[in-house]
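First up is the structure itself, then whatever we jot down about it.
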Amino acid sequence: MVSDSEESSFDEPRISLRSWRELREAQDLELAESLRIDRAADAERKTSKERDDETLRVAGEKRSMDIEDRLSKKLRLGEESPMADFALALRLPSGRRITRNFSREEPTAHVYDFVEISEELAQPLSFFRGDRVRVLESWGTPLGKSGVSPRTALFVQGSS
């Protein structure tokens, strides 16, 4: 037989109702804080995703506009004239050399368009002869009246 005194030594320690309530309240506060932190992190992730999505959308629109712009310039430029009066060789800032024949009636803007569809450069563009004299400054002037020789090499510079 087991006496009452021996039986009580095997019982788990009992906590008071007040201690239990305090423990429960502390756990509830910790849970509430954890939930607040999780919600804040979720909101930040959502905001970050929305920002990334907007950045991708804007980049896609810009890319689309760039493609449309290049296509319109290519259409405006048209086919290279076999009966060309001007054979221009253009040295780009990257070192790449591009050439094209132009007719004397074509506006200098076509030279700009040709360079812009060949390579993406910072605007505005500047054209220089070998002696560093700037040429092709007027967009609407026909090449025949631009002061450029019919067979010439030009250096292209984008703004820095």
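Read-outs throughout are calculated quantities, based only on the coordinates presented, and are distinct from any laboratory measurement. Note that the structure is a prediction, hence the values are computed from the model and not measured. Here the Cβ positions follow ideal geometry from the backbone for every residue, glycine too, while neighbour counts run over all protein chains shown.
Cα axis of helix 17-77 to longest principal axis of the chain: angle in degrees, 0 to 90, nearest 10?
The helix 17-77 is inclined about 10 degrees to the chain.
How tilted is helix 109-118 with respect to the longest principal axis of the chain? Cα atoms for both, answer in degrees (0 to 90, nearest 10).
The helix 109-118 is inclined about 40 degrees to the chain.
How much mean residue ellipticity at 222 nm does the chain get from its helices, if each DSSP H run of length 4 or more adds -39500 (n - 2.57) and you divide by all residues, to the nearest 500 deg cm²/dmol? Numbers along the way, then the final one.
Working: 3 runs with 78 residues, N = 160.
About -17500 deg cm²/dmol.
How about LYS145: which aspartates and glutamates have a C-alpha closer than 14 Å to its C-alpha, ignoring those fewer than 8 places off in the same chain?
Candidates past the 8-residue exclusion: ASP85, GLU105, GLU106, GLU137.
Tell me which of ALA26, SER16, VAL156 sits at the most positive position along the dipole axis of the chain, charges placed on C-beta atoms (Lys, Arg +1; Asp, Glu -1).
My answer, from the dipole projection, is VAL156.
Given Cβ point charges of +1 (Lys, Arg) and -1 (Asp, Glu) and nothing else, what value in debye, to the nearest 20, does the dipole of the chain about its Cα centre take?
On the way: 27 positive and 32 negative charges, 412 e Å.
Roughly 1980 debye, rounded to the nearest 20.
Looking at the P(r) of the chain, how many percent of alpha-carbon pairs lie beyond 28 Å?
Every Cα pair in the chain considered, those over 28 Å come to 55 percent.
Work out the length of the dipole vector of region 80-130 about its Cα centre, built from +1 on the beta-carbon of each Lys and Arg and -1 on the beta-carbon of each Asp and Glu, and round it to the nearest 20 debye.
On the way: 6 positive and 8 negative charges, 68 e Å.
Computed about the Cα centre, the dipole is about 320 debye.
Under the rule that an exposed site lies in a DSSP loop and has at most 16 other Cβ atoms within 10 Å, name the longest stretch of the chain with no GluC sites (Glu not before Pro) of that kind, not counting the sites themselves.
Here the longest segment lacking exposed loop sites spans 1-78.
Could you tell me which residue out of SER64, ILE37, THR47 lies farthest along the dipole of region 15-77 toward its positive end? Charges go on the beta carbon: Lys and Arg +1, Asp and Glu -1, centred on the Cα centre.
SER64
Report the one residue of GLY140, SER94, GLN123 whose Cα lies farthest in the direction of the positive end of the charge dipole of region 86-157 (charges on C-beta: Lys and Arg +1, Asp and Glu -1; origin at the Cα centre).
SER94
Let me know the longest stretch in the chain that avoids all trypsin sites (Lys or Arg not before Pro) found in a DSSP loop with at most 12 other C-beta atoms within 10 Å.
On the way: sites that count: ARG14, ARG96, ARG132.
Value returned for the longest uninterrupted segment is 15-95.
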